Amino acid sequence: MQYSPLPIAQTSGIRVRVSGVRRSFEGGVVALDGIDLDVAPGEFLAILGPSGCGKSTLLRLIAGLDSPQAGEVQTFARENVQVAWAAGRRADLAYVFQDAHLLPWRSVLQNVALPLELMHQGRGQRLDASRRAIELVGLTEAVDRFPAQLSGGQRMRVSLARAMVTNPRLLLLDEPFAALDEITRQHLDEQLRRLWAAMGMTIIFVTHSTTEAAYLAQRAVVMTRRPGRIIADHRIALADERPAALRGSAEFAQETRVLYSALERGGA
Ligand code: ADP
Ligand code: MG
């Protein structure tokens, strides 16, 4: 079957506003306290911090999977127009976890099509959109394979394609490539960066890697733990065009140094 060359669907990003958020758990762990964060439509933000500082908790709050005890999380479809995920607008939002979470008995194509099935999209449209998403992540030759027949990097690509298939306006990723080897991770970072540049959704990417944050993002916030707070908010001073070789440059080293010293100041 032939597909027209990708005119990638452009989307407009969701704006996210987190104000005065506090979240504690039974047993007295204050996971987050006094979190203020404004993410512009179409921005690529990295959240960087040591393990246990509340990154996943914050991402879950933004996704509406959890609620804060104080403060609020607001998401805006347009200027002054709020979106509530609970109100059936989940298509605008996609979440990618560290584990690919694929269904082992479904092929790559069937895994990627799942969100559209849940939205009751017709079969033809569903398969078409899924094939496109698979093409976007460079997995066309594996479309009929099953998860057990894929490498770790390929499984993450499937997970990414499944997240893209609904054309989300907000993409949340929680240490998605952390378990992969360095080279695979760098390739996936490059691919994600290209997808974001072409599509224009808002991305919030959680990582504990300073180099990953510096390569990917336009801006990085650094968190500290107990309680989880934002201790630095840094605009990444690198050009939009980010070839792989950028990672070896002095300006790149400078950016990772800034993030690293913020992590150190936070006691990571
Ligand atoms: P990170 O993603 O940065 O590693 P988390 O957001 O997972 O951190 O966790 C932040 C803190 O909150 C940790 O101390 C963790 O143990 C605690 N925590 C997270 N979720 C729960 C929960 N459901 N119940 C109790 N404690 C939790
Ligand atoms: Mg986490």
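The values are calculated or read from the model by the stated rules, or taken from the named source; none is laboratory data. These numbers come from a predicted model, not from an experiment. So basically every Cβ, Gly included, is an ideal-geometry build from the backbone, and we count neighbours across all protein chains shown.
Here are the numbers for this structure:
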| item | result |
| --- | --- |
| Complete set of residues in region 217-259 that are hydroxyl-bearing (Ser, Thr, Tyr) and surrounded by fewer than 18 Cβ atoms within 10 Å (Cβ to Cβ) | Ser249 |
| Residues located in region 19-59, provided they are in a strand (DSSP E or B), among the β-branched types (Val, Ile, Thr) and away from ligand 2 (no atom under 12 Å from the Cβ) | Val21, Val30, Ile35, Val39 |
| Residue in region 191-198 that is touching a Gly at 6+ places or on another chain (Cβ under 7 Å), in contact (Cβ under 8 Å) with a residue 40 or more places away in the chain and closer than 26 Å to Val18 by Cα present | no |
| Sole residue being more than 22 Å from Ala198 (Cα to Cα) and basic (Lys, Arg), chosen from Arg126, Arg106 | Arg106 |
| Residue list for region 218-243, restricted to those being farther than 19 Å from Pro50 by Cα and either assigned to a loop (DSSP other than H, G, I, E, B) or touching a Ser or Thr at 6+ places or on another chain (Cβ under 9 Å) (or both) | Gln218, Ile236, Ala237, Leu238, Ala239, Asp240, Glu241, Arg242, Pro243 |
| Among the residues listed as Leu188, Leu192, Leu263, Leu246, the single one being assigned to a helix (DSSP H, G or I), closer than 19 Å to Ala31 by Cα and in contact with a Leu (Cβ under 9 Å, 6 or more places away or on another chain) | Leu263 |
| Pairs with Cβ under 6 Å, 6+ apart, first in region 43-59 and over 12 Å from Arg225 (Cα atoms), second part of a helix (DSSP H, G or I) and near ligand 1 (Cβ under 6 Å from one of its atoms) | Ile47/Lys55 |
| Extreme residue, nearest to the chain's Cα centre (by Cα), among residues of region 211-243 that are more than 15 Å from ligand 1 (Cβ to nearest atom) and polar (S, T, N, Q) | Gln218 |
| Residue that is within 16 Å of ligand 1 (Cβ to nearest atom), of a type outside the set (Val, Ile, Thr), crowded, with 16+ Cβ neighbours inside 10 Å and at pLDDT 95 or above, where the choices are Ala113, Ala31, Ala46 | Ala46 |
